[in-house]
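Here's the structure, in structure tokens; my notes come after.
Please treat every number below as a calculation from the coordinates, not as lab data. A quick note: this is a predicted structure, and the numbers were derived from the prediction, not measured. Cβ placement follows ideal geometry from the backbone for every residue including glycine, while neighbour counts extend to all protein chains displayed.
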Amino acid sequence: MKAIFIDCNQELAAIFRRVHQPDDPPIAINTASFEGEELPRVLDHYAICLDDHSYMPTERIARCPSLKHIVFLGTGAASYMDVAALTRLGVTVHTIKGYGDTAVAEHAIALMWAAARDVARMDRAVRAGVWQPLEGLQLTGKILGIIGLGGIGREVARLAHGMGMKVLAWNRTPRVDVGFPMVDLDTLLASADIVSLHLALTEETRGFLGPGRLGRIKPGAILINTARGALVDEGALAQALKSGAIRHAGLDVFHAEPLDSTHPLAKLDNVTLTAHAGFRTPEASMTLMRRAINIVRDIGP
């Protein structure tokens, strides 16, 4: 089956060349940008598509009769395509788990520090000629509430414990012998000085932190989201940040990406933003690309 990596950037192209072996199946590399309506043209005659983080609208994939498999480079395919609808079209969506748990966990910790100490806000001010030292939040001894104890959530807990934080956690299914208290969700929201989201996006978790649950977060707490933007009601979060009910948010993911510069969250000083980069380290990317190539190999000729 002919395969194409549809949205390969220069960094991933270099990593792809490092991990692709002579006996691996051939995969065409597209590094040229394209508009969404051009998707059927780019995918013409290809049966397998490697997708970094491009949107795959069902109505456009329906115009790609050759396409049978999408290998999404990550776990969050549901943020970029209707997996069930594509299945009905005869297109199988493959995801890749566990390749970047440490990378994402470290990014979550980085956002915690940046939010707690107003790093980005002071950076902008200093560059603008304003010297205004801000008093930050010391994380040692503070309570971190982790929502979701998959591989990333467990790695965040390990790192936070090493930083001297107290960890509480909630998971959708019971966990035992994790080494820290498991509590109900309301207790976590009311107790945690920092809340860090690590849930998968499903129809059950979409909008998980809506106005009600955001309102139950401890006043003055920090919210970190390196999971999926659609887990959080962005409008309600913006209001909570404006009012000061939530001290600061560190966000790597958003409902629509890239985030528009006019978005309310982009206008707030007490938000630290990154460009869905939590998983982007050479180590994680090499593992990711190798696993993607292996999926193409397993699909067969």
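The table below gives the values:
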quantity	calculated
Assigned charges on the beta-carbon of Lys, Arg, Asp, Glu; the chain dipole about Cα centre (debye)	460 debye
The stretch 33-71: chymotrypsin sites (Phe, Trp or Tyr not before Pro) falling in loop per DSSP and having at most 15 other Cβ within 10 Å	PHE34, TYR55
Taking MET289, MET1 and counting other C-beta atoms within 10 Å, the order from fewest to most	MET1, MET289
Size of charge dipole - the stretch 165-301 - debye, nearest 20, with Cβ of Lys, Arg +1 and Asp, Glu -1, no other charges	160 debye
Within the chain, helix-based [θ] at 222 nm, where runs of 4 or more DSSP H residues each add -39,500 (n - 2.57), nearest 500	-9500 deg cm²/dmol
SER54-MET182 pseudo-label distance in nm [points 7 Å out on the Cα-to-Cβ vector]	4.2 nm
Peptides 195-206, 235-246 ordered by average Cβ neighbours within 10 Å, highest first	195-206, 235-246
Cross-link pairs beyond the 31 Å C-alpha cut-off, checked among LYS68/LYS267; LYS97/LYS166; LYS166/LYS242	LYS68/LYS267
Loop GluC sites (Glu not before Pro), the stretch 2-91, which have at most 14 other Cβ atoms in a 10 Å radius of their Cβ (DSSP)	GLU35
Residue list for the stretch 201-219, given a label point 7 angstrom along the Cα-to-Cβ vector of THR95 and an amide N cut-off under 17 Å	201-209
Sum of side-chain charges, GLU38 neighbourhood, beta-carbon under 15 Å (Lys, Arg +1; Asp, Glu -1)	-3
